[in-house]
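S.K.: Take this structure first; my questions come after.
The values are calculated or read from the model by the stated rules, or taken from the named source; none is laboratory data. Just so it is clear, the model here is predicted, and its values are computed rather than measured. We place every Cβ from the backbone using ideal geometry, glycine too, and count neighbours over all the protein chains shown. The accessibility values were calculated without ligands, DNA or RNA, using every heavy atom of the protein model including side chains. Shrake-Rupley method; radii C 1.70, N 1.55, O 1.52, S 1.80 Å.
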Amino acid sequence: MPIFMDLHKADDYGEKPTLEDIKRNHIADLKTQAKYGVRFLQYWINEDAGLVFCLMEGPDKDSCVATHQEAHGDIACNVIELKGGDYQIFMGEGKVNEFDITEDAQGALDPGTRSFLVADVICLSPEPFSFNKLKEIALRFKGREVDFNNGRIKFVFNSPSNAVDCARTLHEEFKAMDNEKTQISMTICTGPPVTEHRIIFADVLQLSDCLCDITMNGQITVSSQTVNAYSDGLHDTNNGTYFKILSQKDEKFINILMTALAPMIFTDQFSILNLCKLVGTSQPQLYRKVIALTGRSPNALIHEMRLKKSLRLLNKDFGNVTQVAFASGFNSPSYFTKSFKKRFGTSPANVPKS
């Protein structure tokens, strides 16, 4: 039977429900669920954000909604269907109390938010880089592998502290390697499982990818929600200069920027003027914001993103150098080859295949 997860917001109610209200609603759901062929499994309560997430089995979304409607009238603002092993991978093993509320190992309410560490690895060594070390370190900090695609690997953690500590350890391990042929950039983003989208953790995963695209080698970009949830504080100078901490305003701008770039960055249709129009800012403002957030000018950022894409295409044996150049947004194969050599220290023809 399909598995669903829904979202309830306290803001949607005239009076914010208490923990006891939520328990009573769940008991009412259990009494009503058989009528609609639904089975409620567990739920997560995020008191600080005023969010509740219910996990249930059912024939369809309508049956899940109908159960809530008849049991207590508090309708979810979104219901999504979980695919495959999404639930186990993303949410992990949780302890459920007598009221089916998920708790952490210390017995406190599990808020349902998760932290994602995304690592972008560039390897130009004749010997392919082994990702086993990354996986071993992530496992040490109770991370679960979510996805691995052509040099970009994603882990999910129940605790933002574990995600940050894991990233710090990975940074130190790579620094100790002292291998110019291998580079790594990382991002850490935290967020809830269900928002207005139809995919679990859609918002946080989208932000993670956007931030990973603009993060410089040797740097760890950390989202505002991760900083808010991280109890030890990241502004401490002991964390070094490799942590870049973002504000919500920064993240909003980056999302707008990357959404605007997406359809044209790898085509000959790109221009800074078009980008300014889509982002809704002047050219000087765009340059100031992009440099402040990425350490590069807009043109340099786009150039870097194109080169990274070309490297991934070459790793995948996408085609010859000319085909890769055009697919990555370069109009001239000779200019592409020159740029690639300057950035990666080798010819595109010498890139090892994964």
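S.K.: Just for the range 168-205: of the residues that are touching a strand residue (DSSP E or B) at 6+ places or on another chain (Cβ under 6 Å) and part of a helix (DSSP H, G or I), which one is surrounded by the most Cβ atoms within 10 Å (Cβ to Cβ)?
M.R.: If we take residues in the range 168-205 being touching a strand residue (DSSP E or B) at 6+ places or on another chain (Cβ under 6 Å) and part of a helix (DSSP H, G or I), then V204 is surrounded by the most Cβ atoms within 10 Å (Cβ to Cβ).
S.K.: Still on this structure: If I ask for residues that are among the aliphatic types (A, V, I, L, M) and loosely packed, with under 13 Cβ neighbours inside 10 Å, which ones from the range 330-354 would you list? First the steps, then the outcome.
M.R.: First, pick out the residues of the range 330-354 that are among the aliphatic types (A, V, I, L, M): 349, 351.
Correct list: A349 only.
S.K.: Same structure, new question: One residue is enough: does the range 256-263 have a residue meeting the conditions farther than 23 Å from T190 by Cβ and in contact (Cβ under 8 Å) with a residue 12 or more places away in the chain? Write out each step before concluding.
M.R.: Our first condition is that a residue be farther than 23 Å from T190 by Cβ; within the range 256-263, this holds for 260-263.
Subset that is in contact (Cβ under 8 Å) with a residue 12 or more places away in the chain: 260-261.
Looking through the range 256-263, at least one residue is farther than 23 Å from T190 by Cβ and in contact (Cβ under 8 Å) with a residue 12 or more places away in the chain.
S.K.: Confirm whether D165 is closer than 21 Å to D110 by Cα, assigned to a helix (DSSP H, G or I), among the acidic types (D, E) and out of contact with any Cys (no Cβ under 7 Å at 6 or more places or on another chain).
M.R.: Working: closer than 21 Å to D110 by Cα: yes; assigned to a helix (DSSP H, G or I): yes; among the acidic types (D, E): yes; out of contact with any Cys (no Cβ under 7 Å at 6 or more places or on another chain): yes.
Yes; evaluated as a whole, the condition is true for this residue.
S.K.: Only residues that are over 20 Å from I214 (Cα atoms) and among the aliphatic types (A, V, I, L, M): list them for the range 149-196, please.
M.R.: V156, A176, M177, V194
S.K.: Oh, and also: Is there any pair with a first residue in the range 314-340 that is within 22 Å of M264 (Cβ to Cβ) and in contact (Cβ under 8 Å) with a residue 24 or more places away in the chain and a second that is open to solvent by 40 Å² or more (accessible area, probe 1.4 Å) and among the acidic types (D, E) whose Cβ atoms are under 9 Å apart and which are 6 or more apart or on different chains, and what are they?
M.R.: G329/D268; N331/D268
S.K.: Which members of the range 240-257 meet the condition of being in a helix (DSSP H, G or I), among the hydrophobic types (A, V, I, L, M, F, W, C) and open to solvent by 20 Å² or more (accessible area, probe 1.4 Å)?
M.R.: F253, I256, listed by residue number.
S.K.: Let me ask something else. Do we find that Q269 is part of a loop (DSSP other than H, G, I, E, B) and surrounded by fewer than 16 Cβ atoms within 10 Å (Cβ to Cβ) in this structure?
M.R.: yes
S.K.: Counting only residues that are in a loop (DSSP other than H, G, I, E, B) and aromatic (F, W, Y), how many does the range 330-344 have?
M.R.: Qualifying residue count for the region: 1.
S.K.: For the range 278-329, which residues satisfy the criterion of being open to solvent by 20 Å² or more (accessible area, probe 1.4 Å), among the small types (G, A, S), in a helix (DSSP H, G or I) and within 26 Å of S347 (Cβ to Cβ)?
M.R.: Matches in the range 278-329: A300, A327.
S.K.: For the range 49-72, does any single residue satisfy the condition of being aromatic (F, W, Y) and more than 30 Å from S310 (Cα to Cα)? Show your work before the answer.
M.R.: From the range 49-72, those aromatic (F, W, Y) are 53; that's our starting set.
Adding the requirement that they be more than 30 Å from S310 (Cα to Cα) leaves 53.
Yes, some residue in the range 49-72 is aromatic (F, W, Y) and more than 30 Å from S310 (Cα to Cα).
S.K.: Which number in (1) in contact with a Lys or Arg (Cβ under 8 Å, 6 or more places away or on another chain); (2) touching a residue at least 40 places away in the same chain (Cβ under 8 Å) marks the one condition that D74 misses?
M.R.: (1)
S.K.: Can you pull out the residues in the range 148-164 that are open to solvent by 20 Å² or more (accessible area, probe 1.4 Å), touching a residue at least 40 places away in the same chain (Cβ under 8 Å), closer than 28 Å to A349 by Cβ and over 13 Å from the mean Cα position of the chain (by Cα)?
M.R.: Listed by number, the list holds a single entry, N150.
S.K.: When only residues in the range 130-147 that are surrounded by 13 or more Cβ atoms within 10 Å (Cβ to Cβ) and not charged (D, E, K, R) count, which is farthest from R114 (Cα to Cα)?
M.R.: Among those that are surrounded by 13 or more Cβ atoms within 10 Å (Cβ to Cβ) and not charged (D, E, K, R), it is F131.
S.K.: Something else: Can you name every residue in the range 179-216 that is of a type in the set (S, T, N, Q), farther than 21 Å from D165 by Cβ and over 8 Å from the mean Cα position of the chain (by Cα)?
M.R.: The answer is N179, T182, Q183, T195.
S.K.: Check off (1) at pLDDT below 90; (2) surrounded by 13 or more Cβ atoms within 10 Å (Cβ to Cβ); (3) more than 26 Å from A167 (Cα to Cα) for L234 and give me the number that stays unchecked.
M.R.: (3)
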